[in-house]
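Reviewing the structure listed below.
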Amino acid sequence: MLNVSVRQFVCPTRGVSVSMARRGSEAAVGGRKVRGFEEIPHTGRNGYINLFWFWKEDRFRSLHKHMEKSFNMLGPIYRERLGSQETVNIMLPADIMELFQSEGLNPRRMTVQPWAAHRETRKHSKGIFLKNGPEWRADRLLLNKEVMLGSAVRRFFPLLDDVAKDFCRILRTRVETEGSGQGRRSLTLDPSPDLFRFALEASCHVLYGERIGLFSPSPSLESQHFISAVERMLATTTPLLYLPSNLLICLNAPLWTQHATAWDFIFSHAEARIQKGYQKLESKRQQAGSKGQSGDAQEAYSGVLGQLIEKEQLSLELIRANITELMAGAVDTTAVPLQFALYELARNPSIQETVRRQVQSSWAAAGGDPLKALQGAPLLKATVKEILRMYPVGITVQRYPIRDIVIQNYHVPAGTLVQACLYPMGRSKDVFREPEIFKPTRWEKSEQRASGGTRPETGFLSLAFGFGARQCVGRRIADNEMQLLLFHILLNFRLSVSSTDNIKTKYTIILLPETPPSITFTLL
């Protein structure tokens, strides 16, 4: 999979000792001096002038393109100052591997300061997304048991499958009643509103153990407002990252007010469901106690919330904080990649048919077991990986190395904010062959081996969910959610589009299409 040309950029100083890195430009590695931190190429030394031009030219909306352009101009490593924040940006897998190896026991990433400021002003506890150190690790290990382990996936997988099947059943009915063509077998629509409802319905089913009725004829207005609140929160996050939160709060700045109000609604939406879940569980306990029964191991799965409450290892306040963060991060981050996936499959009909044949064969062999069927369709997983290579939801993964390191023969001190830039990496000819082409088969093991995939750094080619102990805590939910919906869509519909132009994208803390694409769904 790796283009051979990546070898010319692989850091020649991997494995350099910490003491040698600390000596900076005085150290020599392989006959070359390690260059100092200040010698790293940069986009401008004055962070506030840089920030001014970002605002003036609206570069925040195209931050992913700005990063790609900066790498093309400055090489595979560069520094950037925006306001008071400074980062070192990297994009090659070998360099990201070096960063990973220096992340330590309790990895740190950049604190999303507007989110932290909201928790502090509202006196809310912080979930693991906003925590660091041993406190983060203790909470993360408890959450891993409910959302990351294979046993947890087997518990919530049927819930995701139910929602995916319902989505396709309703879409099929809609095609049959509103469609055109012979026998009303085709319907062209923008699926993005339905995908957002699917993502929220599926996430609520897993987190709270119950459906919230977004596929009913009259879905809850509150849930629609929740989706709008998440979009508003995300859209206001990026410009707030580089401004002092305390000053904005004191000034009651409109941008801050919009951001905080959006978070308030997200918390109130989650709080109502958490209280309902808690009361439901207490009622069950009381009923079991009055009958002299202990918990029934065969009882229906009560969702992540129920599992956390039952085990009583996290306080209710910490459960509330983490469930709310999971909910806030569970909608756009799956609905948007699904938009891109449907479009790429639709404009690449031969690939769509190849994936469909595998899905159909696997479904026939699985005997109605959706987990077994998904495991038998590796091209579907590869499709999701390929979509996230081309359109990563989050365009960076950040870490603060706990020791001095050398990247691209430059000294990077411990505690520096280093960003692995995923969009430029996914589009780089120095990393991927024909990166502009949608090609799920590039992730097949046979092709990886043929392309030199035995090198250690090839494990750092697909990082949309992050890496290591601090990878996305909801990745198992999101990954299975996306695969299951695509699985059932391919079983039921043929996808097509009227235009095969590349999708224009924009950035609002996550990567989005500028205009959601319309897809034609044709019944099989």
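Structure summary
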item: Gyration tensor (alpha-carbon) shape descriptor, segment 20-161, a/c threshold 1.5; result: prolate
item: Per residue accessible area of the chain, 1.4 Å probe, in Å²; result: 42
item: Share, in percent, of DSSP beta bridges within the chain that are antiparallel, nearest 5; result: 85
item: Cα gyration tensor category, rounded, prolate or oblate, for segment 221-319 with a/c compared to 1.5; result: prolate
item: For segment 167-177, Karplus couplings with θ = phi - 60° (6.51, -1.76, 1.60), whole Hz, Gly/Pro x; result: 4, 5, 4, 5, 5, 4, 4, 5, 4, 5, 9
item: Radius 9 Å from Cβ of F521, net charge of other residues (Lys, Arg +1; Asp, Glu -1); result: +3
item: Computed lengthening from S220 to E444, 0.36 nm per intervening residue step minus Cα-Cα distance; result: 76.4 nm
item: Anchor K145: lysines whose Cα lies under 16 Å away (excluding residues fewer than 8 positions away in-chain); result: K311
item: Under-5 Å amide H pairs with I407, H placed in peptide plane, nonlocal only; result: V412
item: Hits among lysines - C-alpha to C-alpha of K131 under 18 Å, sequence gap 8 or more where chains match; result: K123
item: Percent RCO, i.e. relative contact order, over the chain, from Cα pairs under 8 Å lying at least 6 residues apart; result: 28
item: From phi via Karplus (6.51, -1.76, 1.60), per-residue ³J(HN,Hα) for segment 110-124 in Hz, x at Gly/Pro; result: 4, 6, 7, 4, x, 5, 5, 5, 4, 4, 5, 6, 8, 6, 8
item: Listed residue (P191, A235, N502) projecting farthest to the positive dipole end of the chain, Cβ model; result: N502
item: Segment 67-209: relative contact order in percent, alpha carbon pairs under 8 Å with at least 6 residues between; result: 12
item: Within-14-Å neighbourhood charge of V175 [Cβ basis; K, R +1; D, E -1]; result: +3
item: Separation of alpha-carbon centers, segment 492-512 and segment 167-183, rounded to whole Å; result: 22
item: Rounded Å value of the spacing that divides the Cα centres of segment 318-355 and segment 80-136; result: 23
item: Per-residue ³J(HN,Hα) for segment 275-286, Karplus 6.51 cos²θ - 1.76 cosθ + 1.60, θ = phi - 60°, Hz, x for Gly and Pro; result: 5, 5, x, 5, 5, 5, 5, 4, 4, 5, 4, 5
item: For segment 393-499: rounded, prolate or oblate by the Cα gyration tensor [a/c cutoff 1.5]; result: prolate
item: Residues S361 and T257, FRET efficiency given R0 of 51 Å [Cβ-Cβ distance, rounded to 0.05]; result: 0.40
item: Matching label, P(r) over Cα pairs in 10 Å bins from 0, in percent computed from the structure shown, candidates (i) 3, 17, 27, 27, 17, 6, 1, 0; (ii) 3, 14, 21, 20, 14, 9, 8, 5, 3, 2, 1, 0; (iii) 3, 15, 23, 23, 18, 10, 5, 2, 0, 0; result: (i)
item: Contact order normalised by residue count of segment 72-134, Cα under 8 Å, 6+ apart, percent; result: 22
item: Helix-only CD estimate at 222 nm, as mean residue ellipticity for the chain, using -39500 (n - 2.57) per DSSP H run (n ≥ 4); result: -17000 deg cm²/dmol
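The values are calculated or read from the model by the stated rules, or taken from the named source; none is laboratory data. All figures in this text were calculated on a predicted structure; none of them were measured in a lab. Quick reminder, even Gly has a Cβ in these numbers, built from the backbone with ideal geometry, and neighbours come from all protein chains shown. These area figures cover heavy atoms from the full protein model, side chains too; ligands, DNA and RNA do not enter into them. Shrake-Rupley method; radii C 1.70, N 1.55, O 1.52, S 1.80 Å.
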